[in-house]
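Bear in mind that the values in this text are calculations on the coordinates, not laboratory data. Computed from a predicted structure; not experimentally measured. Here the Cβ positions follow ideal geometry from the backbone for every residue, glycine too, while neighbour counts run over all protein chains shown.
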Amino acid sequence: MAGYVPSTIEERKEMLKVCGVESIESLFEHIPDELKLKYPLNLPSGLSEMGVSRTMQKIAAKNHVFANVFRGAGAYHHYIPSQVKYITAKEEFLTAYTPYQAEISQGLLQSIFEFQTMICELTGMDVSNASVYDGATAAAEAIAMCRDRKRSVALVSDCVDPKNLQVIETYCEANGISIRSLASKDGKTDINALEDELNETIACVLLQQPNYYGLFEDAEAIGSIAHDKGAKLIMSVNPISLGLMKTPGECGADIAVGEGQPLGIPLSFGGPYLGFMAAKKDLMRKLPGRIVGETVDVDGKRAFVLTLQAREQHIRREKASSNLCSNQALCAMTAAIYLSVLGSKGLEEVSKQCFSKAHYALEQILKIEGFERKFSGEFFHEFVTSCPISADKLLAELEKYDILGGLPLSEHEILWCVTEMNRKEDIDYLIKAIKEVSQHAVDL
Amino acid sequence: MQLIFEKSKEGRGCAILPEMDVATTEFPVFLKRSTAPKLPQMAEVDISRHYTELAKCTHGVNDGFYPLGSCTMKYNPRINEEMAALKGFTSLHPLQPEHTVQGALEVLQLAETYLCEITGMDAMTFQPSAGAHGEFTGLLLIRAYHKSRGELEKRRKILVPDAAHGTNPASAVMAGFTVVNIPSNEQGCVDIEKLKEACGDDTAGLMLTNPNTVGLFDQNILEITKIVHEAGGLVYYDGANLNAIMGIVRPGDMGFDVVHLNLHKTFSTPHGGGGPGSGPVGCKEILAPFLPRPTVDKVGDTDWSLAWNHQPSKSIGAVRSFYGNFLVVVKALTYIMSLGQQGIREAAQNAVLNANYLMHCLSDLYPMAFDRYCMHEFVMTLEQSKKEMDVSALDIAKALLDYGIHPPTMYFPLIVHEALMVEPTETESKDTLDQAVCILRKVYEEAMEDPSGMHQRPLNTPVRRLDEVGAARHPKLRYEF
Amino acid sequence: MEFRSDRNYSKSHEWVKEIGTDKVEIGISDFAQDALGDIVFVNLPQAGDEVEVQTPFCDVESVKAVSDVYSPVSGIVCEVNEDLLDNPARINEEPFDAWLIRVEQVTQREALLSAEEYEDFTKKEA
């Protein structure tokens, strides 16, 4: 028997009889014949579990998992505690739908409430939603939150991840918000350019912190200039950096968003990931998507429920400000478990190790002839260097050492990333490999 | 139940990281946060128990019958999970060189081929991460199409039946269109005359589910798509209800130009309590140039490999970072391979059989909104009992909770008063359905005997009815330390 | 159900009360608040906005629904009742005092009903 249909042939016959039809086909009689498929779908025959397992393993084996990863650029290689995988595999969480029936969904609802609290704690904001698809869509939704009748232009820093910018552009073109790019200088948002660009049509300024090149922006200064002109500040932050870094709240941001993948979610070839969104209290009702609130039941017992639903598409339909429905609930739970396992000290330690190891790696790379740092300024766990030989060539050679090197930004520039996963010996191995490759290239 | 923060204790924690093996670089003071975030400080055992306690207060498909209409809560095969957990998939950086991710590209390419065959489409993107995200993407394709023909200025209207999912009109507005609601006829299907009246040279397109949201197949579908096409519009298929027809009839053959699928419904990937889902969008050739990039192409003949195609052509741009919820696609592909040609069709057939069986076993007690064979789901209406006994759809739903059944979808579609929408799916056995019938009949009897007692239900759940008004009037959205 | 006679009503269930020369207060009738159920939030316009007769100027949210409120007259909003943002329950508890907006330069009030006429109207509608 193929598939997952449990009813036996006999049972199916009985059921058809109750329905008063001879065959299953009769139940489809009202579909016009001209529409029905005249031949079976062009799909392979079904496989047994063992068969499908072999097939998929064979496909997975065509991928290469690098022993050493020094590439980030929006997807980060971090250690995932064992607890995270086991807890998120619990079938009650895994196989539930959105918790519409609160009485039998308290576990899920409470976990989202805890997630919202942790995101508020991390970002220094007042309210958080239950998640969106990823960091890029979170930024796009945040921009839409800032638009009002008079202000419909968003200033987006040049130092935002270009992949996120693409998504923002797609969203904004559709809903009529104009995007203006905010120039950069030495790898950071140019404050002077900001002053020139601001006017009464600007709804918000979007910054990434640390930015695409790994550098820390002068977020507070930018925020206060933006606020002076009535624009809001949106900060897109890396949650691991928040183990150490000043929070968006401390920097005066109105909305904090970010990619939550570093919080216990595997690289997964790009997804599923986790977009988080948090805001100051006065923007609470503009937050899109699901939000869980605390309340009581008829017996006065504490309980949790999806709330502020009248903002949402299933009630407001064409008047809703966002169409968000399914989000990334299980990924939000993943992040909450990750943060619980690490605690604030553990998170700070991950943050410290990323920071220190990246600085160690940079120092070592700069010792190699022809490698120079592209930008000055404080950075977190990513940095850009020049590369004396073709970056593509260097990176291709590093593959032979089982190293996924940094991301090439141009012919002679590379964006490197170092996390707690890279031991000192791994970094030293990278340095040795780079030396050998560039030496060899010079010899050629 | 205590919150994790209330269980936290200073000094507890888990040993996860090794010690730093390089010299510490001091983090610049001027960039440092002033206070540490108040995250839980917990021992591992207590974290395990905390989440186990939460799991016990959560009802998933594996806990019991889950006939939530429109959500296709079928069984989620374990093998899908195991395949998606293979290191060869989970540990891939999305920006790895193509030749190191041939298997991942193959997953996307196979899934595209199979799902295009099932839907009758020509090309597909996996970027959209949920159904609503797919709708948004599909509508952007329609928008780009009209723009490329210089007609976007005049074609601003998307037609949406009044029975549609709420995401349809919301997505249309997000994509920059205005929404025109099309009333349904008495059979819950599109009113052809009203559609004709609404169609014109300002029509950008029509969004439709078929079978529709009352669980009926709209027999006029060819005429409907023709009317829209003749007006110069395109037709969008909301794939939420594809489970009823896969292997039997294809959206592409009904005249649809663009579809989104819910892999977390039809293709058995778990919903995770609200995501991650996956809402791939398929389209006909005319819309393919507008799909988000990159797409996957085969390069070379005999010695072929797979490569990203970044050609911008007329792409709408990206709707998400990278390539979508990739691991969800792995699960759906595993499922399609398991079922194969026969199994896909059988799944649809048995989904429809189960729904009709359940409907027939209940129709003498529960009034059905439409008196005809249904597809994969049907809608009951409690309008009469609400009027006569003050027992509403909500009361029946809440009473079901006492018997371990997840209630049907309540108060949807909007065109049926006091609606309960039931979708059993094909993965429930006759035994489960018979038990559900017994319970639903029992609940009905209880309602007859003690109508006002129904307002007290549920009685046996971890918490009882909630003060939702209080929650919304005085929002408490985080724990205050 | 109360139908206070110190003010006029519209067929879309708002009340209009004169509060000075060419200045009125607008709120939701007792009948309407009862039909809407527990109101949890109100989206108000801004002072300076124009309102147009029989056109929505704000909406009120209950837990599972949102309803437009139609303006019974045309004019310019000169004040909005911000207290309702924190205490939306007042619309249920004291609908006649919980005004939503104050409007000046009022025109197009011809279609307004007296309390008596409105009461009859609600009876027919029910």
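Please list the radius of gyration and Dmax for the stretch B:98-184, considering alpha-carbon atoms only, with Å as the unit.
Just the Cα atoms of the stretch B:98-184 yield Rg and Dmax of 16.1, 52 Å.
Could you tell me what % of all Cα pairs in the stretch A:287-420 have separations over 20 Å?
Values: 5935 of 8911 pairs.
Value for the stretch A:287-420 (Cα pairs over 20 Å): 67 percent.
Give me A:M125, C:M1 sorted ascending by neighbouring Cβ count inside 10 Å, so fewest comes first. Could the numbers behind the result be given before it?
On the way: A:M125 24, C:M1 9.
The fewest-first ordering by Cβ neighbours comes to C:M1, A:M125.
Among B:Y323, B:Y236, B:Y444, what is the fewest-to-most ranking by other Cβ atoms within 10 Å?
Working: B:Y323 24, B:Y236 33, B:Y444 18.
Listed from fewest to most nearby Cβ atoms, that is B:Y444, B:Y323, B:Y236.
So how far, in whole Å, is the C-alpha centre of the stretch C:47-66 from the one of the stretch B:382-459?
Cα centroid of the stretch C:47-66 versus Cα centroid of the stretch B:382-459: 35 Å apart.
Rounded to the nearest 0.05, what FRET efficiency do C:D83 and A:E220 give with R0 = 25 Å and r taken as the Cβ-Cβ distance? Could you check?
Values: r = 34 Å, r/R0 = 1.38.
According to the calculation, E is roughly 0.15.
Roughly how many whole Å is it from the C-alpha centroid of the stretch A:19-35 to that of the stretch B:63-106?
If we compute the Cα centre of each part, the gap is 34 Å.
Between A:D126 and A:V21, how many nm apart are label points set 7 Å from Cα along the C-beta direction?
Inter-label distance under the simple model: 5.6 nm.
Which helices, taking whole DSSP H runs in chain B, have alpha carbons extending 27 angstrom or more along the helix axis plus mean Kyte-Doolittle at least -0.5?
Qualifying helices: B:326-362, B:430-449.
Return the subset of C:K23/C:K124; A:K229/A:K281; A:K357/A:K400 for which the Cα-Cα distance in this structure is over 25 Å, preserving the input order. Intermediate results must be reported in sequence, preceding the final value.
Values: C:K23/C:K124 31 Å; A:K229/A:K281 20 Å; A:K357/A:K400 23 Å.
C:K23/C:K124, as the Cα separations exceed 25 Å there.
Ignoring everything except DSSP H segments at least 4 long, calculate the 222 nm mean residue ellipticity for chain B; use -39,500 (n - 2.57) per segment, divide by total residues, nearest 500.
On the way: 15 runs with 172 residues, N = 481.
For chain B, the value works out to -11000 deg cm²/dmol.
If the stretch B:329-408 were replaced by its equivalent ellipsoid, with semi-axes equal to the square roots of 5 times the Cα gyration tensor eigenvalues, what would those be, largest first, whole Å? Write out the running numbers ahead of the final one.
On the way: eigenvalues 215, 54, 17 Å².
After diagonalising the Cα gyration tensor, the semi-axes are 33, 16, 9 Å.
On alpha carbon coordinates alone, what is the Rg over Rh value for the stretch B:373-426, Rh being the Kirkwood radius?
Details: Rg = 11.4 Å, Rh = 11.5 Å.
For the stretch B:373-426, the value is 0.98.
Under the √(5λ) rule applied to the eigenvalues of the Cα gyration tensor, what semi-axes describe the equivalent ellipsoid of the stretch B:228-275? Give them in Å, descending. Don't skip to the answer; put the middle values down first.
Working: eigenvalues 132, 35, 6 Å².
Sorted largest first and rounded, they come to 26, 13, 6 Å.
Using only Cα atoms, locate the centre of the stretch A:55-127 and the centre of the stretch A:406-424, then give the distance between them in Å, rounded to an integer.
That distance is 25 Å.
Using Stokes-Einstein with the Kirkwood hydrodynamic radius over Cα pairs, what translational diffusion coefficient do you get for chain C at 37 °C and a viscosity of 0.692 mPa s, in µm²/s rounded to a whole number?
Numbers: Rh = 14.3 Å.
Value of D from the Cα-based Kirkwood radius: 230 µm²/s.
Hey, if you drop one equal point scatterer on each alpha-carbon of chain B and run the Debye formula without solvent, what base-10 log of I(q)/I(0) do you get at q = 0.11 Å⁻¹?
-1.03
Between A:S45 and A:K400, what's the calculated FRET efficiency when r is the beta-carbon distance and R0 is 25 Å? Round to 0.05. Mind dumping the intermediate values first?
Numbers: r = 41 Å, r/R0 = 1.63.
It comes to 0.05.
Run through the DSSP bridge list for the protein assembly as shown and note the antiparallel percent, rounded to the nearest 5.
Numbers: 79 of 114 bridges.
Of the beta bridges lying entirely in the protein assembly as shown, close to 70 percent run antiparallel.
Students often get this wrong, so check it: of A:K58/B:K430; B:K226/B:K398; B:K196/B:K386; A:K85/B:K74; B:K7/B:K331, which have C-alpha atoms separated by over 32 Å?
Beyond 32 Å between Cα atoms: A:K58/B:K430; B:K226/B:K398; B:K196/B:K386; B:K7/B:K331.
Which entries of B:K38/C:K64; B:K147/B:K284; A:K188/A:K432; A:K345/B:K87; A:K90/A:K163; A:K286/B:K154 have Cα-Cα distances beyond 26 Å here?
Values: B:K38/C:K64 34 Å; B:K147/B:K284 17 Å; A:K188/A:K432 31 Å; A:K345/B:K87 29 Å; A:K90/A:K163 33 Å; A:K286/B:K154 31 Å.
Listed pairs above 26 Å: B:K38/C:K64; A:K188/A:K432; A:K345/B:K87; A:K90/A:K163; A:K286/B:K154.
What is the mean projected area of the alpha carbon convex hull for the stretch A:320-365, to one decimal in square nanometres? Write down the numbers at each step before the final one.
On the way: hull surface 23.0 nm².
Quarter of the Cα hull surface area: 5.7 nm².
Compute the distribution of all C-alpha to C-alpha distances in chain A, in bins of 20 Å from 0, and list the percent of pairs in each, rounded to whole numbers.
Percent of Cα pairs in each bin: 22, 47, 26, 6, 0.
Return the Cα extents of the stretch B:1-133 along principal axes one, two and three, sorted largest first, each rounded to a whole Å.
59, 45, 28
Using the basic label-point model (7 angstrom from Cα toward the beta carbon), what is the B:K56 to B:D21 distance in nanometres?
4.2
Let me know the Rg and Dmax you get for the stretch B:196-283 when you use only its Cα atoms, in Å.
For the stretch B:196-283, the Cα radius of gyration and maximum Cα-Cα distance read 14.0, 43 Å.
Given a Förster distance of 41 Å, report the FRET efficiency between B:K298 and A:R180 from their Cβ-Cβ distance, rounded to the nearest 0.05. Present the calculation step by step, with values, prior to reporting the outcome.
Numbers: r = 40 Å, r/R0 = 0.97.
Using R0 = 41 Å, I get an efficiency of 0.55.
Suppose each label sits 7 Å from its Cα in the direction of the beta carbon; what would the B:S363-A:D392 distance come out to in nanometres?
Label-label distance for B:S363 and A:D392, simple model: 6.6 nm.
Which three numbers, in whole Å and largest first, are the semi-axes of the equivalent ellipsoid of the stretch A:104-154 derived from its Cα gyration tensor as √(5λ)? Please list the in-between numbers first.
Details: eigenvalues 145, 30, 22 Å².
Semi-axes (√(5λ), whole Å): 27, 12, 10.
Over the alpha-carbon set of the stretch A:82-338, divide Rg by the Kirkwood Rh and report the Rg/Rh ratio to two decimals. Please list the in-between numbers first.
On the way: Rg = 18.1 Å, Rh = 18.6 Å.
Rg/Rh for the stretch A:82-338 comes to 0.97.
Could you name the aspartates and glutamates in cross-link range of A:K185, using Cα to Cα under 18 Å and dropping any fewer than eight places away on the same chain?
Here the aspartates and glutamates satisfying the reach criterion relative to A:K185 are A:D158, A:D161, A:E195, A:D196, A:E197, A:E217, A:D218, A:E220, A:E372, A:E378, A:E382, A:E413.
Given N residues in the stretch B:142-237, what is Rg(Cα) / (2.2 N^0.38 Å)?
Details: Rg = 12.5 Å, N = 96, 2.2 N^0.38 = 12.5 Å.
So the stretch B:142-237 has a normalised radius of gyration of 1.00.
Rg and Dmax of the stretch B:47-121 over Cα atoms: what are they, in angstrom?
Using the Cα atoms of the stretch B:47-121, the pair Rg, Dmax is 17.8, 48 Å.
Pick out, from B:M246, B:T295, B:G275, the residue whose Cα sits farthest towards the positive end of the charge dipole of the stretch B:236-338, with +1 on the Cβ of Lys and Arg and -1 on the Cβ of Asp and Glu.
Value computed over the given set: B:G275.
What size of dipole, in debye to the nearest 20, comes out for chain B about its Cα centre when the only charges are +1 on Lys and Arg C-beta atoms and -1 on Asp and Glu C-beta atoms?
Values: 43 positive and 58 negative charges, 271 e Å.
Around 1300 debye, computed over chain B.
Treat the count of other C-beta atoms within 10 Å as a stand-in for reagent exposure and order B:M359, B:M20 from fewest to most.
Working: B:M359 24, B:M20 15.
In order of increasing Cβ crowding within 10 Å: B:M20, B:M359.
Ratio to report: Rg/Rh of the protein assembly as shown, with Cα atoms as the point set and Rh obtained by the Kirkwood method; give two decimals. Spell out each step's value before the answer.
On the way: Rg = 29.1 Å, Rh = 30.1 Å.
That ratio equals 0.97.
When every alpha-carbon pair in the stretch B:233-304 is counted, what percent end up more than 17 Å apart? Can you show the working numbers first?
Numbers: 1421 of 2556 pairs.
Here the tail beyond 17 Å accounts for 56 percent of pairs.
Give, as ranges by residue number, the residues of the stretch C:96-126 whose backbone N falls under 15 Å from the point 7 Å along Cα→Cβ of C:S5.
Within reach of a label on C:S5: C:114-120.
Out of all Cα-Cα pairs in the stretch B:343-456, roughly what percent, to the nearest whole number, are more than 18 Å apart? Kindly include the intermediate steps, with their values, before the conclusion.
Numbers: 3059 of 6441 pairs.
Cα-Cα pairs in the stretch B:343-456 separated by more than 18 Å: 47 percent.
Given that compact globular proteins tend to follow 2.2 N^0.38 Å, what is the ratio of the alpha-carbon Rg of the stretch A:287-364 to that value? Can you show the working numbers first?
Working: Rg = 19.9 Å, N = 78, 2.2 N^0.38 = 11.5 Å.
Rg over 2.2 N^0.38 Å, computed on Cα atoms: 1.73.
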